[in-house]
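What follows is a single structure, written as structure tokens, with notes after it.
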Amino acid sequence: MNTLNPLKLVILVGPTGSGKSSLAIRLSKELNGELISADSRYLYRELNIGTAKPSPEELASVPHHLINVTSLDSPWSLGVFQREATRLIEDINTRGKLPILVGGTGQYVRAILENWEVPGQVPLDNLRETIEAWGERIGFDTLHGRLARLDPEAAAQIDYRNKRRTIRALEVIFATGKRFSDQRTKSSSPYQTLVLGLDWPRELLYQRIDARIDAMLAQGLVDEVRSLRDMGKAADLRCMGIIGYPEILNYLDGETSLDEAVVLIRRNTRVYVRRQANWFKPADPRIHWFKAADPAVADHMLDLIKSHFSA
């Protein structure tokens, strides 16, 4: 890459339910842009309603990338995402368009923004199976607690419900004898980057999230999860810990009522929002925060983007 003329990149971040996807589509239309998803849930073809994935009409309205690119049988690592997103940023710039990275998966965004070099330890099937069996025996919440003892930084960045990432971190630690977090290096961004953030008052955000959960249920979330369970995907859904799917699985398995499952989805989503705030901090000087409730928020963002890249 020519360091005198670095590749352009807009990054749009914010908590789940903040309206990032629809705003990114508006920005992309105005700026001759293409969207790159930084949402780990959108990668999977099977997951639609429970992830609030953009509709087919929205996906067709502007070019989208890294949505519906794999299946639950072939989960992507952070390293695979980073490699593909990096390739797309270069390709979109080369074609004279503006790449807009949008999503709320903090690790994905920071890996691009900070040019992470993630641990390259080759998967060891026997070790991974041993750790998974250990988790089955002691409980995966407890397994995540063991990771927190060995590597507090890694544990803080991995959702305790995400069994797959917890197992991977422990696998790398046991295979190398080094903390997982110590093996991830970062450097300055190779891009001319502008980071935009959407800010909602917490109570208004929770109201939006509750309305979105109600819409998911009305659109057929229970039927989506039932279909995935009937396809033999229940273990994959539980392992990945994507909010909404394990809770509905518990309802379908007779462990809770539907009302109890919905209460848990709301509660777990609130916890997730608070975890996202650790990745996208109000005091982060790299992020230009905008009041999401402002009717002119898109116009304000467009003005900043145009002035930033014309300077």
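Bear in mind these aren't lab numbers, they're just calculated from the coordinates by the rules spelled out. Note that the coordinates shown come from a computational prediction; the quantities given were computed from them, not determined experimentally. Neighbour counts are summed over all protein chains in view; Cβ atoms, including those assigned to glycine, are modelled from backbone coordinates with ideal geometry.
About its Cα centre, the dipole of the chain is roughly 740 debye, where the only charges are +1 on Lys and Arg Cβ and -1 on Asp and Glu Cβ. Choose one answer from S37, S55, S21: the residue with the largest mean-square fluctuation in a GNM of the chain with alpha-carbon springs under 10 Å. With Cα springs under 10 Å in the chain, the top fluctuation among S37, S55, S21 is at S55. Between L252 and N32, the modelled label-to-label distance comes to 4.6 nm, taking each label 7 Å out from Cα in the direction of the beta carbon. Our estimate of slack between L304 and A133, defined as 0.36 nm per intervening residue step minus the Cα-Cα distance, is 56.4 nm. Between G244, G14, G135, the GNM of the chain built on Cα springs shorter than 10 angstrom shows G135 fluctuating the most.
Over all other residues within a Cβ to Cβ distance under 10 Å of K233, the charged ones net out to -2, with Lys and Arg as +1 and Asp and Glu as -1.
Modelled spin labels at A293 and N278, positioned 7 Å past Cα toward Cβ, are 2.8 nm from each other. The charge dipole of region 140-278, taken about its Cα centre with unit charges on the Cβ of Lys, Arg, Asp and Glu (plus for the first two, minus for the last two), comes to roughly 680 debye. When the alpha carbon gyration tensor of region 125-183 is reduced to an equivalent ellipsoid, its three semi-axes come out at 16, 14, 9 angstrom, largest first.
Taking max minus min of the alpha-carbon positions on each principal axis, region 44-139 gives extents of 51, 32, 19 Å, largest first.
Taking 0.36 nm per residue of sequence separation and removing the Cα-Cα distance, the R266/D182 pair yields an extension gain of 26.8 nm. Of all the options I138, I287, I49, the one that moves most in a Gaussian network model of the chain with Cα springs shorter than 10 angstrom is I138.
If I stretch the segment between R238 and L124 completely, what's the gain in nm (0.36 nm per residue apart, minus their alpha carbon distance), one decimal? Taking R238 through L124 to full extension adds about 38.9 nm, to one decimal. Distance between the modelled labels on E203 and N115, one decimal in nanometres: 4.5 nm (7 Å Cα→Cβ projection). Derived from the Cα gyration tensor, the three semi-axes of the equivalent ellipsoid of the chain are 31, 25, 18 Å, largest first. For region 161-303, the square roots of the Cα gyration tensor eigenvalues, ordered a ≥ b ≥ c, give a/c of at least 1.5 with a/b no greater than b/c, which places it in the oblate category. Considering only N126, A293, N278, and ranking their Cα positions along the charge dipole of the chain that arises from unit charges at the beta-carbon of Lys, Arg, Asp and Glu, the one farthest toward the positive end is N278.
Evaluated with a Cβ-only charge set (Lys, Arg +1; Asp, Glu -1), region 125-183 carries a dipole of roughly 60 debye about its Cα centre, given to the nearest 20.
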